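Down below is the structure, laid out as structure tokens.
The values are calculated or read from the model by the stated rules, or taken from the named source; none is laboratory data. For clarity, every value in this text was computed on a predicted model and none was experimentally measured. Cβ atoms come from the backbone with ideal geometry, glycine included; neighbour counts cover every protein chain shown. Accessible surface areas use protein heavy atoms only, side chains included; no ligands, DNA or RNA. Shrake-Rupley method; radii C 1.70, N 1.55, O 1.52, S 1.80 Å.
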Amino acid sequence: LSQIEYRLLLWVTGQTDKLQALADGVDLYCEFAGEFYGETITKDDKPRRGVGKQGILMGGYGAGAATQIATAAGGGYGPPVKMSEADGIRMRDLYRSMHPCVVQFWKWCDHILSKLADGSNADYKGIFSISNHKIHLPNGTSLDYTGLRWARNCDVYPDQKDDGEGYAWWEPSRKGYTRTW
């Protein structure tokens with residue numbers, strides 16, 4: 001189960017070059033860190049390998065520069081590392097350039113929220129299907145998005161002032177509505 005989250009993302013999105021590298025025993029955290037720092041990084045270099053791990057795992061969720069900087073400073077993936085704003089932007093952009101299939105998957109997902117909201121049908125490479133406000137997973141279970149809506153926070157929660165974020169997708173939960181991406 002080593003690197004299962006990353007491996008599944010690669011498989012779902014069809015990012016086969018990275019899957020093959022993992023199968024060949026390449027440490028992709030070190031590889032990413034090496035690209036980021038412009039030199040060879042080994043497992044012994046814990047702070048910079050941690051930055052590589054962070055760049056890959058958070059990058060898969062579309063983390064932006066500010067999130068990358070804050071996480072590095074907090075030591076979320078190894079010893080704390082100070083990054084500049086330019087470093088955060090470079091890390092974000094490096095992940096996206098090295099994982100084009102993941103970026104394409106995000107674009108597909110952006111369009112799926114509206115299909116989930118209106119109950120339309122869609123399919124992603126035979127892996128996921130969408131119908132009746134649900135994402136049907138390969139194992140037969142479904143994620144239910146009934147009640148998903150495009151709104152401002154003050155439309156969802158009339159007792160709140162407009163937060164200035166504009167329209168976003170909101171999904172119902174046990175605690176009320178939450179923004180979703």
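Provide the per residue accessible area, probe 1.4 Å, for the chain, rounded to a whole number of square angstrom.
Details: 10430 Å² over 181 residues.
Averaged over the residues of the chain, the accessible area is 58 Å².
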Inset, instruction - Sorted from largest down, give the three principal axis spans of the alpha carbons of segment 3-91, whole angstrom values. - result: 32, 27, 20
Legend entry - Principal axis dimensions, largest first and in whole angstrom, of the chain by Cα: 51, 41, 25
Legend entry - Compactness of segment 1-40 - radius of gyration and Dmax, Cα, Å: 10.7, 30
Legend entry - About the Cα centre, charge dipole magnitude for the chain (Lys/Arg +1, Asp/Glu -1 at Cβ), debye: 260
Legend entry - Positive-end extreme of charge dipole, segment 96-171 - chosen from Leu116, Ile130, Ala151 (charges on Cβ): Ile130
Inset, instruction - Treating cross-link reach as a plain straight distance, find the lysines whose alpha-carbon is under 17 Å from the alpha-carbon of Lys18, omitting any fewer than eight places away in the same chain. - result: Lys53
Inset, instruction - Give the cross-link partners of Lys43 among the aspartates and glutamates, using a straight C-alpha distance below 19 Å as the criterion and excluding same-chain residues fewer than 8 apart. - result: Asp24, Asp27, Glu31, Glu35
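Taking all protein chains in place and a 1.4 Å probe, what share, in percent, of the accessible surface of segment 1-150 do carbon and sulfur account for?
On the way: 4380 of 8070 Å².
With neighbouring chains kept in place, the figure for segment 1-150 is 54 percent.
I'm checking a number: the convex hull volume of the Cα atoms of segment 106-178, normalised per residue, in Å³. What is it? All intermediate terms of the calculation are to be shown ahead of the outcome.
Details: hull volume 6.9 nm³, N = 73.
With only Cα atoms used, segment 106-178 gives 94 Å³ per residue.
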Legend entry - Rounded to whole Hz, the Karplus (6.51, -1.76, 1.60) HN-Hα couplings of segment 140-150, x for glycine and proline: x, 7, 10, 9, 9, 10, 4, x, 4, 8, 9
